[in-house]
1. Could you identify which residue out of ALA338, ALA303, ALA378 has the top mean-square fluctuation in a GNM of the chain using Cα springs shorter than 10 Å?
2. Nearest-5 percent of antiparallel DSSP beta bridges in region 32-109?
3. Divide by every residue of the chain the summed helix terms, -39500 (n - 2.57) for each DSSP H run of at least 4, and state the resulting mean residue ellipticity at 222 nm, rounded to the nearest 500 deg cm²/dmol.
4. Can you list the chymotrypsin sites (Phe, Trp or Tyr not before Pro) in region 211-299 that are in a DSSP coil and have 16 or fewer other beta carbons within 10 angstrom?
5. Give the distance, in whole Å, between the Cα centre of region 284-326 and the Cα centre of region 63-84.
6. Work out the charge dipole of the chain with +1 on the Cβ of Lys and Arg and -1 on the Cβ of Asp and Glu about the Cα centre, then indicate which of ASN76, ALA308, SER344 is farthest towards its positive end.
7. Among residues other than ASN362 whose Cβ falls under 12 Å from its Cβ, what is the net charge (Lys/Arg +1, Asp/Glu -1)?
8. Work out the length of the dipole vector of the chain about its Cα centre, built from +1 on the beta-carbon of each Lys and Arg and -1 on the beta-carbon of each Asp and Glu, and round it to the nearest 20 debye.
Amino acid sequence: MFGFFRRKNGRKAKPVICARADHCISRKNIDPDALKVLYRLSGLGYTAYLVGGGVRDLLLGRKPKDFDVGTSALPNEVRRAFRNCFLIGRRFRLAHVRFGQKVIETATFRQESQTVGEIIEHAAEGPIEDNTFGTPETDAYRRDFTVNGLFYNIKDFSVIDYVGGLEDLKKRLIRSIGDPMIRFREDPVRMMRAIKFSARLGFDIERKTEKAIRALHSCILTAAVPRLCEELFRLFPYGCSEKAFRMMWKYGLLGDLLPDLAKFIDADGGEKSATWKYLSVLDRYERAMQERGFDVPNGMRAAALYAAMAKSRPGRSREVLGAMASSLKVPKTTYFLATLLLDSVKRLSQPPQRTLRRFVHNRDFADAIDFNRIVARAEGRDEKTIDDWDALSRETSKEQSNEQVDDQQGENHERKQRR
């Protein structure tokens, strides 16, 4: 399966060891709880590495979202090492070491897959896990892309590279580990992950990997629906949704997952479709919210994705979003918020009136204001009416706050009288 990395004599190439002086990773940029796990396991005599995307992001000077640990310790051994550890998973046991609300995922090094001939029928559940454990080397070859196959050794602070990830980081390439025609059949969701990393990091997809996506994009429909829904919404964070969905459309994956949207984009000018304008403005909003430490709700993301299509079919937002909701089993909270936001565009395009003011009290009104600003900026419209609604909302909130204070004071006065 991984013959791409094997020498002619059948042995794999020796790993590249990047010493501390030759890379930019510093322990002060690593989560302190992840360091606790690494030091604890290392102190007990086990091999313990920081693995995956966290190493990649640190080498790129980015702040990792997660810090995962790979170790030679078996799951039960990890659990004995940490009182705050819980084991999850049936096919492959993972240890979750909890620090409050934070989880440091700790996995035993995996063995290479022995099930190359049994790929597509298992794709709905993801790659086959034979629950056998291996070495750091075999674990590296089990990962999806070379830039995600790097390890940081807590003992000597070196970076270990078995799969050519350091070179691809320099070249800014997303390359499949092993034959992409096999790896994507093994787990079709990896095609979406390739697009996600390409858009998020600003990397190109390596030629063979890109060719495999074009050839196998229809295999995405064999993956489990919950995984597809989850991975679709992972294309939005970090303000890269426009590029990600352009690639999804370009490679045919969008036509497989959301055929109605792909057909609309084709009819709406393809590369010049208005869909990309809404996603571009959404990306700026995502980045601004991320800087402030807030998350954007998936309902707003879905509404922005379908905004251009909904505008071409006024009054039919439920119908527009219905196909996505049913095919990807989108959670009801996401679907109903997206519908409300699309319907709010017509309502908030009119000046505040008595008959419409009840909407100000809706719990999602703040999201509606933000979404309408996204729509107005994508369409190049003036935001004065939205400002009027926003001012009314703030005024109403202030009045409600004053009423609550008055009510509280009245209750206190009554208590005093009773005494």
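What follows draws every value from the coordinates through simple rules; no lab data is involved. None of the values given here were measured: they were computed from a predicted structure. All Cβ positions, glycine included, derive from the backbone under ideal geometry; neighbour counts span all protein chains shown.
1. Residue with maximal mean-square fluctuation among ALA338, ALA303, ALA378: ALA378.
2. Once the DSSP bridges in region 32-109 are tallied, antiparallel ones form about 80 percent.
3. Value at 222 nm, helices only: -15500 deg cm²/dmol.
4. Those that pass, being in a loop and sparsely packed, are PHE294.
5. Region 284-326 and region 63-84 have Cα centres spaced 37 Å from each other.
6. Final value for the positive-end residue is ASN76.
7. Local net charge: +1.
8. 700 debye
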